[in-house]
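Engineer: Structure provided below as structure tokens; questions to follow.
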Amino acid sequence: MTDTPTNSDSNPDDDQPLPLSGNQKRKLKSAARFFAVQALFQMETTQQTAETVVQEFSDHRFGERFDDHEMVEADKEFFRSLIDGAVNWQAQIDQITHRALVAKWPIARIDPTLRALFRAAGAELVRENTPPRVVITEYMAVSDAFFPDGKEAKFVNAVLDHMAHEASPDGF
């Protein structure tokens, strides 16, 4: 597991974690968004509860090492907030997403990874104080990680933009 730098690295008498820089905080939040999409996908495909999946991610994903791969750390509180928001506000988020779908497809018809992404983004747009443009940019990056060929980029951007304008009209 990755170690959080502590003051004891420079002063052995003080074992408190060092404060994170703004860039470190952004990276932890970005990782939390990525993990939230994975967790929501897992919840949908396995019918596991939010509590079970959150515990699994906390125990076995954040900062863990598998063979030669190290998983990044994430902002656990923000991750939990995204999952709770997506679960508690799913009906509202799905309605916003449905209205944003240009082809007027039912949300159940879209790819489950995209559905998880829209639910995580929707939770942040509806319940968090993150500026909508930041939410769009962050979830576009998450989309690129899941769909590296870029075919979904325009679709994801359009849906997120519609969702953001509906959920946070004053944010633009």
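Readers should treat all values here as calculations from the given coordinates under stated rules, not as data from a laboratory. Model, not experiment: these values are computed from the prediction. Every residue, glycine among them, receives a Cβ derived from its backbone with ideal geometry; neighbour counts consider all protein chains shown.
Engineer: By how many nm would the segment from LYS151 to LYS104 lengthen if fully extended, with 0.36 nm per residue of separation less the alpha-carbon distance?
Structural biologist: Extra length available between LYS151 and LYS104 comes to 15.0 nm.
Engineer: Separate question: Between 0 and 90 degrees, rounded to the nearest ten: what's the tilt of helix 153-167 against the longest Cα principal axis of the chain?
Structural biologist: Long axis of 153-167 versus the principal axis of the chain: about 90 degrees.
Engineer: Which ³J(HN,Hα) values, rounded to whole Hz and listed in residue order, are derived for segment 120-136 from phi using the Karplus coefficients 6.51, -1.76 and 1.60 in 6.51 cos²θ - 1.76 cosθ + 1.60 with θ = phi - 60°, glycine and proline given as x?
Structural biologist: With coefficients 6.51, -1.76 and 1.60, one gets 5, 4, x, 4, 6, 5, 7, 10, 9, 9, 6, x, x, 5, 5, 4, 4 Hz.
Engineer: Counting residues in segment 20-171 as N, plug N into 2.2 N^0.38 Å and put the Cα Rg over that result.
Structural biologist: 1.00
Engineer: Let me ask something additional. Considering only the other residues whose Cβ falls under 14 Å of the Cβ of ARG80, what net charge follows from Lys and Arg at +1 and Asp and Glu at -1?
Structural biologist: Here the count lands on -3.
Engineer: Can you tell me the orientation of helix 76-88 relative to the chain, as the angle in degrees between its alpha-carbon axis and the longest Cα principal axis, to the nearest 10?
Structural biologist: Around 20 degrees separate the two axes.
Engineer: Modelled label-to-label distance, VAL72 and ALA91, 7 Å Cα→beta-carbon offset: nm?
Structural biologist: Label at VAL72, label at ALA91, 3.5 nm between them.
Engineer: Continuing with this model, one more query. Counting Lys and Arg as +1 and Asp and Glu as -1, what is the net charge of the other residues whose Cβ lies under 14 Å from the Cβ of PRO112?
Structural biologist: With Lys, Arg at +1 and Asp, Glu at -1, the neighbours total -1.
Engineer: Could you tally the net charge around SER143, taking each other residue with its Cβ under 15 Å from the Cβ of SER143, Lys/Arg +1 and Asp/Glu -1?
Structural biologist: Net local charge, SER143 excluded: -2.
Engineer: Just to confirm the number: angle between the C-alpha axis of helix 50-60 and the first principal axis of the chain, 0 to 90 degrees, nearest 10?
Structural biologist: That helix lies at roughly 40 degrees to the long axis.
Engineer: Expected output is a single nm value to one decimal: the length gained when fully extending between LEU18 and GLU44, i.e. 0.36 nm times separation in residues minus the C-alpha distance. What is it?
Structural biologist: The LEU18-GLU44 span can extend by a further 5.6 nm.
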